[in-house]
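The structure appears right after this line, and notes come after that.
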Amino acid sequence: MIYPGDDRIAKRRRAILNKDTALKQLREVADEDLVMILGHRNPGERYSSVHPPLDELKEAEDPIRDLIEATPGAKGGDRIRYVQFTDSVYHSPITPIFRGRMYHIRYRGADTVAYSGRELMEARERDLEKYTKELLETEIFDPARTAIRGITVHGSAMRLDEDGLMFDARRRYRYDKDENTVIYSKNQMAIPIDRSISLGSPRDEEDLKADSIIYGLDTIGYRDAEELWEVTGKLMEDNVKGGLNPKWVER
Amino acid sequence: MPKKSIEIIKETFKEDDATRERTSFYEFGGWRQSRRKQEYVKLAKDLIEERGLTGYQGDREDMGVPLGQRFIEPYYISGTDVLCDGEDLHQVNNAAIQQMGDDIKRTAISGLDMTHRMLEVRIGATVTPETINRYLEVANHTIVGGAVAQEHMAEINPAMTRDGSVKIMSGNEELMSHIDKQYIIDINREYPANQAEALKEGIGKSIYQVVRVPTVAVRNADGGTTHRWAANQCTLGFITAYALGGGSILADFSLTSKHMQYVTLGTPTWPRRGPRGKNEPGGIPYGYVGDFCQADAAGSDEITYFCESMALSNFLYLNLWVNGYVIGGIGGVHAGAVLFTNNVLDELAGHITDWIVDRYGGLAKAKPSFDVIRDVCHEACFHLLEEYNRYPLLLEHHWGGAIRMFILSTLGGMAPSFATGHSLAGMIGYHYTGGYLMKEAWGRGSFGSQDSVDHMNLAYAASMVPDEGLLPELRGPNFSSDSTNAIVQCTSPSYAVAAHAARKDAWCLSPVVKVAFADSKLPFNFKEVRKEIARGTQHEFMPEGDRDPIKPGR
């Protein structure tokens, strides 16, 4: 994976974007809990579909089908569903832009769009559940600084609350001091769920900073990422020159 | 350097420390913490009773998101001591914002040289200062709805059209000395001596007519009626003043007086973004923002003139165009407020100005180059991001990516223009900043696909091919790529205005448009944009174009 720079942030960005690098698992989320938090179906309920399974369909000849195997969700005819994560500027282990880039690299059949604080992913439902499970169980999720929010998503740039949790106007989750865990009582659409679900303990502040992929005064200064800005500066110059005359840009 | 903006934000948030990363939420009383929301809830209860239909119910948590889970901060209007609520900055709630837009929409400018030549050569009339005075008197009668050619006409209540006017300007001082003072926009009086000389030289000996159709005209229709209203009524004025008759000759004359040398402020807008007629905000090029704004005429320094222009840009393109036409409803008021509240832009612009002066020896001193663009854009961006790191309260104040991109892009456009005095350098820097810098520093941008326009515009930066590129000052929200992006539309004037501010130019795009907005009789004072809007927030601004004279009992 290509990404400029030799500092620890650049290295971590490259690792996240490299599909051959396994994401470290930090917690387990039961399938039933996952389904409840997503809120698209009830636990145990069959996947709803928009078309019959592919092997029951007679489709027109298409060479692309021979090149690309359909995902399990597509084979089953699942509906397209969504999951959306909000990432705090205070060192959520991943950020929207890198989520988007990572989704494109690691997940097949997914569509995504990056905002300032959140990243939406759409995929066939059983594919989405598989991807979401990895997103929740591994090092790129922190229950205090990362949140699942389908609606009323803001809070990423707000200060943290007393317990270090990212602000949520819908209060989908709370910090349980006794257990040192973050407990969800609502699904991603802020609809109350039948029982509370723990997504584990927040990571230590210093660990979050050590693994942060955000440049800044408390990690690696903006001005120190010299190679990164050399590359962006060259992209800018080449875009302007090449847009006017492609011959002015070296290949 | 003392940070006035941080002190203001501490005051408005009632916080004693802007550097703390942690705070409390959910304890501020919800919607009740806002004076305006309390007022609206009370008002709406009466209205629901009165109309027998439910309406606004901001006190109902089950209506959607519970309001006020965090602190709802009020805003100081920069350059003033006026504190207001966010609601006061919505264009529907602020009469000054509306009037600013109306005063632009209702402006019709046309050159009179061809009309006068037509009168003299084709028709055989004599044009003298006396006849021009006579014409202006008649035109000021017709423009507000007075009849001149036919006797059996329905005329307009003059109280409804009291802000209509026809005035002229010229660099020909000898001629202007013979024109009745009430009919001229006096360049010498409105501008500092140097600027006045440059404007008179730019306008030359030509005579331009500035028509303000009554505000009520554009409130009944839209800016598209301005050209037609002015053309019809002024041509009738010529017909009367010069006693014109006949068929084909009159037709030729009408065509000339109505349409030749007409200065279109805004082109008709793209159908996909809401088709509107001429003179609507979406068709106005960025360069005119610096010409509408008269803060330089009031003797402001470059930074203040720039900040006043960016405030105007926000009200024109965000409040009136994006929120008013393209989106409707509650729109995105908070994002643009960053350009004119709490002294933030003034202070950041001041920082980059000092940095440029220190590094390059002054404004407009650096030769435009990619190295200079990179240099100043990196400083502008990194300084702001560092401020966010130092002051989490400032970052919470700029809680959305669009808010941050509003100010970041503005600085990215301003900085290269201030350094080089070159608007193309500013434009390239603007899109470089929006397309790359915060995105790679923080791994987050603004709204979805916000940066796509920046990448496209970099590749088309130097193009003059239709639908690709244009001179920076002539680009605008109606420009194909920019038409899809609210932030780009509202903040792109930064590069156009800053380049000319740095060079101390007398105008940005047109000396004629510049002078047209110096008319001190306009309801909205374009010399003090932020003060006028601040008056609007306090309900102290008196607009024109309402229906008071025809309401019951009048």
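The values are calculated or read from the model by the stated rules, or taken from the named source; none is laboratory data. Because the structure is predicted, anything quoted here is derived from the model rather than measured. Ideal geometry is used to build each Cβ from the backbone, glycine not excepted, and the neighbour counts take in all protein chains shown.
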Pairs with Cβ under 8 Å, 6+ apart, first in the stretch A:180-195 and at pLDDT 95 or above, second among the acidic types (Asp, Glu): A:VAL182/A:ASP176; A:ILE183/A:ASP176
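Tell me, yes or no, whether the stretch B:88-103 has at least one residue that is β-branched (Val, Ile, Thr) and over 18 Å from B:GLY536 (Cα atoms). Please lay out each step first, then the result.
Residues of the stretch B:88-103 that are β-branched (Val, Ile, Thr), as a first pass: B:92, B:97.
Add one more test, that the residue is over 18 Å from B:GLY536 (Cα atoms), and what stays is none.
No - not one qualifying residue is present in the stretch B:88-103.
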Between a first residue in the stretch B:481-498 that is touching a residue at least 40 places away in the same chain (Cβ under 8 Å) and a second residue that is surrounded by fewer than 24 Cβ atoms within 10 Å (Cβ to Cβ) and of a type in the set (Lys, Arg), which pairs have beta carbons less than 6 Å apart while being 6 or more apart in sequence or on different chains? B:SER483/B:ARG273
Hey, any hits in the stretch A:124-139 for a residue that's touching an Asp or Glu at 6+ places or on another chain (Cβ under 9 Å), modelled with pLDDT under 95, surrounded by fewer than 20 Cβ atoms within 10 Å (Cβ to Cβ) and not aliphatic (A, V, I, L, M)? no
Quick check on the stretch B:524-535. Is at least one of its residues buried (at least 20 other Cβ atoms within 10 Å of the Cβ), of a type in the set (D, E, K, R) and more than 28 Å from B:VAL166 (Cβ to Cβ)? yes
Subset of the stretch B:71-84, residues touching a residue at least 60 places away in the same chain (Cβ under 8 Å) and among the charged types (D, E, K, R), comes to B:GLU73
Out of B:ASN342, B:ASN389, which single residue is more than 23 Å from B:SER449 (Cα to Cα) and away from every other protein chain (no Cβ under 14 Å)? B:ASN342
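Conditions tested, residue by residue: (1) part of a loop (DSSP other than H, G, I, E, B); (2) out of contact with any Pro (no Cβ under 9 Å at 6 or more places or on another chain); (3) within 20 Å of B:VAL515 (Cα to Cα); (4) β-branched (Val, Ile, Thr).
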position: B:THR269; (1), (2), (3), (4): yes, no, no, yes
position: B:ARG272; (1), (2), (3), (4): no, yes, no, no
position: B:ARG276; (1), (2), (3), (4): yes, no, no, no
position: B:ASN279; (1), (2), (3), (4): yes, yes, yes, no
position: B:TYR288; (1), (2), (3), (4): no, no, yes, no
position: B:GLN294; (1), (2), (3), (4): yes, yes, yes, no
position: B:ALA297; (1), (2), (3), (4): yes, no, yes, no
position: B:PHE306; (1), (2), (3), (4): no, yes, yes, no
Would you check which residues across the stretch B:14-39 are touching a Phe, Trp or Tyr at 6+ places or on another chain (Cβ under 6 Å) and closer than 20 Å to B:ASP85 by Cβ and list them? B:PHE25, B:PHE28, B:LYS37
Being at pLDDT below 95, within 10 Å of chain B (Cβ to nearest Cβ) and more than 11 Å from the chain's Cα centre (by Cα), is that true of even one residue in the stretch A:104-116? yes
Scope the stretch A:43-89; condition touching a Lys or Arg at 6+ places or on another chain (Cβ under 9 Å), part of a helix (DSSP H, G or I) and surrounded by fewer than 12 Cβ atoms within 10 Å (Cβ to Cβ); matching residues: A:ASP55
Cβ-Cβ distance below 9 Å, separation of 6 or more or different chains: which pairs start in the stretch B:100-124 with a residue that is at negative phi and end on one that is among the acidic types (Asp, Glu) and in a helix (DSSP H, G or I)? B:MET100/B:GLU532; B:MET118/B:ASP252; B:ARG122/B:ASP252
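Go through the stretch B:392-419 and give me each residue that's within 9 Å of chain A (Cβ to nearest Cβ), of a type in the set (A, V, I, L, M, F, W, C) and crowded, with 24+ Cβ neighbours inside 10 Å. Steps first, please.
Within the stretch B:392-419, the subset within 9 Å of chain A (Cβ to nearest Cβ) is B:392-393, B:395-396, B:398-405.
Those still in the list that are of a type in the set (A, V, I, L, M, F, W, C) too: B:393, B:395, B:399, B:402-403, B:405.
Result: B:MET405, single match.
Here is a yes/no grid of residues against (1) in contact (Cβ under 8 Å) with a residue 60 or more places away in the chain; (2) of a type outside the set (S, T, N, Q); (3) within 11 Å of chain B (Cβ to nearest Cβ):
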{"residue": "A:GLY73", "(1), (2), (3)": "no, yes, no"}
{"residue": "A:THR86", "(1), (2), (3)": "yes, no, yes"}
{"residue": "A:TYR90", "(1), (2), (3)": "yes, yes, yes"}
{"residue": "A:ARG101", "(1), (2), (3)": "yes, yes, yes"}
{"residue": "A:ARG126", "(1), (2), (3)": "yes, yes, no"}
{"residue": "A:PHE141", "(1), (2), (3)": "yes, yes, no"}
{"residue": "A:ILE148", "(1), (2), (3)": "yes, yes, no"}
{"residue": "A:GLU162", "(1), (2), (3)": "no, yes, yes"}
{"residue": "A:ARG171", "(1), (2), (3)": "no, yes, yes"}
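If you check A:GLU205 against the conditions, is it within 12 Å of chain B (Cβ to nearest Cβ), at pLDDT 95 or above and either over 19 Å from A:LEU34 (Cα atoms) or out of contact with any Pro (no Cβ under 8 Å at 6 or more places or on another chain) (or both)?
Values: within 12 Å of chain B (Cβ to nearest Cβ): yes; at pLDDT 95 or above: yes; either over 19 Å from A:LEU34 (Cα atoms) or out of contact with any Pro (no Cβ under 8 Å at 6 or more places or on another chain) (or both): yes.
Answer is yes for this residue.
Please state which one of A:ASP176, A:ASP163 is surrounded by fewer than 19 Cβ atoms within 10 Å (Cβ to Cβ) and touching a Phe, Trp or Tyr at 6+ places or on another chain (Cβ under 7 Å).
Details: A:ASP176 fails: touching a Phe, Trp or Tyr at 6+ places or on another chain (Cβ under 7 Å).
Just a single option satisfies the conditions, and that option is A:ASP163.
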Which condition breaks for A:THR112 when tested against (1) surrounded by 17 or more Cβ atoms within 10 Å (Cβ to Cβ); (2) assigned to a helix (DSSP H, G or I)? (2)
Could you count how many residues in the stretch B:47-79 are of a type in the set (Lys, Arg) and part of a loop (DSSP other than H, G, I, E, B)? 2
Here the residues within the stretch B:17-32 that are part of a helix (DSSP H, G or I) and either within 14 Å of another protein chain (Cβ to nearest Cβ) or of a type in the set (Gly, Ala, Ser) (or both) are B:GLY30, B:TRP31
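Taking helices (runs of 4 or more DSSP H) that fall entirely within the stretch B:168-262, which contain at least 3 residues that are of a type in the set (A, V, I, L, M, F, W, C) and within 15 Å of B:ASN140 (Cβ to Cβ)? Write out each step before concluding.
Details: elements: B:173-176, B:187-190, B:193-203, B:215-220, B:224-241, B:248-259.
Helices (runs of 4 or more DSSP H) meeting the threshold: B:224-241.
Kindly indicate which of B:ALA44, B:ALA108 is aliphatic (A, V, I, L, M) and either more than 28 Å from the chain's Cα centre (by Cα) or part of a loop (DSSP other than H, G, I, E, B) (or both).
Details: B:ALA108 fails: either more than 28 Å from the chain's Cα centre (by Cα) or part of a loop (DSSP other than H, G, I, E, B) (or both).
The conditions single out B:ALA44.
Does the stretch B:349-364 contain at least one residue that is of a type outside the set (A, V, I, L, M) and in a loop (DSSP other than H, G, I, E, B)? Quick ask: steps written out before the conclusion?
To start, the set of residues in the stretch B:349-364 that are of a type outside the set (A, V, I, L, M) comprises B:350-351, B:353-355, B:358-362.
This time we only want the ones that are in a loop (DSSP other than H, G, I, E, B), so: B:361-362.
Yes, the stretch B:349-364 has at least one match.
Regarding B:GLU155, is this residue in a helix (DSSP H, G or I), modelled with pLDDT of 95 or more and not assigned by TED's automatic domain parsing to the domain that holds B:LYS504? Steps first, answer last, please.
On the way: in a helix (DSSP H, G or I): no; modelled with pLDDT of 95 or more: yes; not assigned by TED's automatic domain parsing to the domain that holds B:LYS504: yes.
Taking the combined requirement at face value, the residue does not satisfy it.
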Which strands (runs of 3 or more DSSP E) sit wholly inside the stretch A:133-250 and have at least 2 residues that are closer than 23 Å to A:TYR107 by Cβ? A:146-148
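Kindly indicate which of A:ARG251, A:ARG223 is among the basic types (Lys, Arg), within 7 Å of another protein chain (Cβ to nearest Cβ) and surrounded by fewer than 15 Cβ atoms within 10 Å (Cβ to Cβ). Give the derivation first.
Numbers: A:ARG251 fails: within 7 Å of another protein chain (Cβ to nearest Cβ).
Exactly one of A:ARG251, A:ARG223 is among the basic types (Lys, Arg), within 7 Å of another protein chain (Cβ to nearest Cβ) and surrounded by fewer than 15 Cβ atoms within 10 Å (Cβ to Cβ), namely A:ARG223.
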Which one of these is at negative phi and at pLDDT below 95: B:VAL65, B:VAL92? B:VAL65
Answer with yes or no whether B:GLU468 is closer than 18 Å to A:LYS241 by Cα and facing chain A (nearest Cβ under 9 Å). yes
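So which residues in the stretch B:69-98 are over 24 Å from B:TRP321 (Cβ atoms) and in contact with a Lys or Arg (Cβ under 7 Å, 6 or more places away or on another chain), if there are any at all? Don't jump to the end; show me each part of the working.
At the first step, the residues of the stretch B:69-98 found to be over 24 Å from B:TRP321 (Cβ atoms) are B:69-74, B:76, B:80-83.
Result: B:THR80, single match.
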